[in-house]
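As structure tokens, the structure follows; a few thoughts come after it.
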Amino acid sequence: MRKRKLVSLLLGGALLAGFSVVSAWQGPAPKSSETVARPKKKASPDAPPEEQAPKPDDKVESKFKKKPGEQLPENLPTFKSDVATVQVDVAVLDKNGRFIPGIPRGNFRVLEDGVPQQITGYTLGEAPMTICMVIEFSNLYQQYWSNGWYETLQASYGFLETLKPEDYVAVVAYDLRPEILSDFSTDRRKAMEAMQRLRIAAYSESNLYDAITDTAERMTEIEGRKAIVLIASGVDTFSKLTFDQTRKKIQQAGVPIYAIGIMQALREWLDARGYMGGIRLDFLQADNQMRTFAKESGGQSFFPRFFGEFPNIYRSIHQALRNQYALTYQPSNLAKDGKYRKITVQLVNPATNEPLRIVDEKGKPMKYTVVAKQGYTAPREVE
């Protein structure tokens, strides 16, 4: 009961100002189609042979057909490709989250399970992004006109408007289960129409683990620069997966997660007045979960207290994703054991083997952060 009362306080503490009423909830437009079966034209008996329709049982004779009893020559060369290549997208950011360009290839060092690897590929450039926005929208913290509802929509619409025309974006909302509101497209109208459905929340469950793993696994086969932008409280109530299972699946998927935690200001306001109670630990655990998912997947986590922080957050996500150093290497450990391999990316001075010293335009040393995925799962031997 105490937790439910506090949830009511969270929902009632709305910090709304200057937000106009938006259109009412509307479901997806029904799609209908008609299928017309056209009869096949009968082949005329007087038609030339080349116009006759081929029979299904007709077979084409192969010019390289093996004759009965023919043996292949011995000592023929055989070819087998067993080369594994690992790609690591690396972003080097200063203390303000800005991308640092111009770092030569020789200053990067990649370690796999502590063993240095030979870098075989190095590219740098700006490329379009493939983004899936995973938005928590449950009746627990996104009740209509509550603080969580307003902040969720503010963060979602704000990020959507910063995307470039060539970027692909999909929208997924979750409560009891994840629902794909719009698939990947460069058409912003589809994403905006999907956002219009986020008005009245249905269920009072927030299954973060199930939603984030389902989305990451769907994006595994997508090529190019891809990421998940998670806008949520970080609380999980009823997922089928555990926290450890979710971590493992996220590591295997290899899709970076950029997490934005909501309701930070409201939580501090309630905590200062002693209203948080035991639920305070639940929110601290939720923040830690989002930090863990972001860090282990090669992304970043943000916990804004003011709406004015959102533009800088969007800018940091764009710079980290668009401007990246793409490093590739062939691992020295070729064992196909299905085990997790830990990756560490460092910036070093090859002459001294010490950490690289980067200076600003005034010659002062800069603090920087290397953002990259922390590992991958080796393939298994195919029998």
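The values are calculated or read from the model by the stated rules, or taken from the named source; none is laboratory data. Here the structure is a predicted model, which means the values were calculated and not measured. Counting neighbours? That spans all protein chains shown, and the Cβs are built from the backbone with ideal geometry, glycine included.
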Discussion item. Filter the stretch 197-233 down to the residues that are more than 23 Å from SER297 (Cβ to Cβ) and in contact with a Phe, Trp or Tyr (Cβ under 8 Å, 6 or more places away or on another chain) and list them by number.
Written reply: ARG197, LEU198, ARG199, ILE200, ALA201, GLU205
Fill in: Meets criteria (farther than 24 Å from PRO304 by Cα and either crowded, with 20+ Cβ neighbours inside 10 Å or touching a strand residue (DSSP E or B) at 6+ places or on another chain (Cβ under 6 Å) (or both)) for ARG267
no
Fill in: the stretch 196-218 - residue that is at pLDDT below 95 and either of a type in the set (Gly, Ala, Ser) or not assigned by TED's automatic domain parsing to the domain that holds TYR141 (or both) and, of those, surrounded by the most Cβ atoms within 10 Å (Cβ to Cβ)
ALA201
Worksheet item: From the list GLU193, GLU221, which residue is assigned by TED's automatic domain parsing to the domain that holds LEU284 and not in a helix (DSSP H, G or I)?
Response: GLU221
Worksheet, complete the sentence: Okay, strands (runs of 3 or more DSSP E) sitting entirely in the stretch 92-149 with 3 or more residues that are at pLDDT below 95, I get 119-126
Item to complete: Could you tell me whether ALA211 is assigned to a helix (DSSP H, G or I) and small (Gly, Ala, Ser)?
Response: yes
Worksheet item: Looking at LYS190, LYS226, which is the one that is in contact with a strand residue (DSSP E or B) (Cβ under 7 Å, 6 or more places away or on another chain), closer than 23 Å to LEU163 by Cα and modelled with pLDDT under 95?
Response: LYS226
Practice prompt. For PHE238, state whether it is surrounded by fewer than 20 Cβ atoms within 10 Å (Cβ to Cβ), touching an Asp or Glu at 6+ places or on another chain (Cβ under 9 Å) and at pLDDT below 95.
Written response: yes
Discussion item. For the condition farther than 30 Å from PHE238 by Cβ, surrounded by fewer than 11 Cβ atoms within 10 Å (Cβ to Cβ), without any contact (Cβ under 8 Å) to a residue 24 or more places away in the chain and assigned by TED's automatic domain parsing to the domain that holds GLN252, what is the one hit in GLY308, GLY363?
Written reply: GLY308
Worksheet item: When THR220 is evaluated against the numbered criteria (1) touching a helix residue (DSSP H, G or I) at 6+ places or on another chain (Cβ under 6 Å); (2) β-branched (Val, Ile, Thr); (3) in contact (Cβ under 8 Å) with a residue 60 or more places away in the chain, which criterion, by number, is the only one it fails?
Response: (3)
Practice prompt. Take the stretch 177-190 and flag every residue that is hydroxyl-bearing (Ser, Thr, Tyr) and in a strand (DSSP E or B).
Written response: SER182, SER185
Worksheet entry | Selection count where residues are within 28 Å of ILE257 (Cα to Cα) and either outside the structural domain of VAL90 (by TED's automatic domain parsing) or not aliphatic (A, V, I, L, M) (or both), scope the stretch 333-360 | 11
Fill in: Residues of the stretch 153-167 classified as over 12 Å from PHE307 (Cα atoms) and either outside any helix (DSSP H, G or I) or aliphatic (A, V, I, L, M) (or both), total
7
